[in-house]
1. Would you be so kind as to identify which of S187, V33, N149 lies farthest towards the positive end of the dipole of the chain, taking Lys and Arg as +1 and Asp and Glu as -1 on Cβ and the Cα centre as origin?
2. Per residue of region 3-14, in order, report the coupling 6.51 cos²θ - 1.76 cosθ + 1.60 (Karplus, θ = phi - 60°) as ³J(HN,Hα) in whole Hz, putting x for Gly and Pro.
3. Filter the GluC sites (Glu not before Pro) in region 45-118 down to the DSSP loop ones having no more than 12 other Cβ atoms within 10 Å, then list what survives.
4. Scan region 35-118 for trypsin sites (Lys or Arg not before Pro) in coil per DSSP, keeping those whose Cβ has at most 11 other Cβ atoms within 10 Å, and list them by number.
5. Please count, across region 8-206, the pairs of lysine residues with Cα atoms under 26 Å apart that sit 8 or more places apart or on different chains.
6. For the chain, what does the helix formula give at 222 nm: sum of -39500 (n - 2.57) over DSSP H segments with n ≥ 4, over the residue count, nearest 500 deg cm²/dmol?
7. Would you mind classifying region 76-207 by shape? Square roots of the alpha carbon gyration tensor eigenvalues, ordered a ≥ b ≥ c; an a/c under 1.5 is rounded, otherwise it is prolate if a/b is larger than b/c and oblate if not.
8. Give the relative contact order (percent, whole number) for region 8-206; include only Cα pairs under 8 Å separated by 6+ residues.
Amino acid sequence: MKIDSSLSAVVTGGASGLGLATVQALRAAGVKVAIFDLNEEIGEAAAKETGSIFCQCDVLSDESVDAAFAKARAANGQERVLVCCAGGGNAIPTARRDKKTGEITIFPSDKFEWVLRLNTVGTFRCITRAAAGMMTLDPVDGERGVVINTASAAATEGQMGQAAYSASKAAVVGMTLTIARDLARESIRVNSIQPGIFNTPAMARAT
Ligand SMILES: NC(=O)c1ccc[n+]([C@@H]2O[C@H](COP(=O)([O-])OP(=O)(O)OC[C@H]3O[C@@H](n4cnc5c(N)ncnc54)[C@H](O)[C@@H]3O)[C@@H](O)[C@H]2O)c1
């Protein structure tokens with residue numbers, strides 16, 4: 001795929017860290033970009049700085065994601081590129097004993113589920129919408145579009161406390177080939193990256 005001003009892209013989590021760097025790289029190549037992010041303040045600022053449009057969006061919600069795609073397409077046309085960077089996690093031991101009090105606590109199920117909903121279901125929710133939109137386009141140079149998901153090295157090498165995060169990212173890795181097979185006949189490519197640690201606002205908060 002030629003990365004130039006003929007393309008429109010959606011970057012989820014595009015207001016910060018990896019997503020923002022992706023937005024900057026795409027904009028430098030002339031691509032029209034829509035930033036999907038929960039955080040309106042930094043999202044608007046990132047859009048202004050990069051010449052993108054901001055679509056406030058919670059990847060946990062069908063309605064919110066649908067509204068964001070509608071806004072993005074009204075401004076930039078149907079996207080041929082989706083980069084899924086929206087994500088996050090928590091660090092809670094599976095079960096732990098307080099050294100001072102001896103109290104034993106467990107990883108709360110709702111906090112585990114939230115990470116799966118954010119990183120796995122949130123990513124899948126955006127892919128389904130983008131794929132359906134890309135399928136309305138004619139192929140260019142043999143392809144209609146490309147989807148890139150962000151997994152993590154934690155998919156197979158999670159640190160202590162990262163049970164939910166590791167599970168959610170292993171699920172991203174696991175679903176990628178299946179989704180790629182689902183969409184191959186429509187000439188839509190699907191890949192995931194599995195980065196190790198890099199310095200972002202999220203990482204700074206965690207350390
Ligand atoms: N930083 C690292 O070391 C590292 C390593 C491996 C993988 N990752 C992954 O890379 C991706 C980006 O991480 P980052 O470090 O740049 O984090 P970051 O916090 O800087 O950026 C994440 C962005 O996602 C947005 N977001 C969070 N919840 C959202 C929601 N419900 N709906 C829409 N947007 C939402 C946040 O507002 C934020 O702007 C994540 O998927 C993360 O798991 C990061």
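Where a number appears in this text, it was derived from the coordinates with a stated rule and is not lab data. Values in this document were obtained by computation on a predicted structure and should not be read as measured data. When we count neighbours, we look across all protein chains shown, and the Cβ atoms used for this are built from the backbone with ideal geometry, even at glycine.
1. N149
2. Ordered by residue, 3J(HN,Hα) equals 8, 8, 6, 6, 9, 10, 10, 10, 10, 7, x, x Hz.
3. Details: sites: E49, E63, E79, E103, E113; in loops: E79, E103.
Hits after loop and neighbour filter: E103.
4. On the way: sites: K48, K71, R73, R80, R96, R97, K99, K100, K111, R117; in loops: R80, K99, K100.
Answer by residue number: K99, K100.
5. Numbers: K32/K48; K32/K71; K48/K71; K99/K111; K100/K111; K111/K169.
The result is 6.
6. Details: 8 runs with 91 residues, N = 207.
Mean residue ellipticity, 222 nm, calculated: -13500 deg cm²/dmol.
7. Judged from the Cα gyration tensor, region 76-207 comes out prolate (a/c at least 1.5, a/b above b/c).
8. Details: 378 pairs, mean separation 39.1, N = 199.
Once normalised by length, the contact order is 20 percent.
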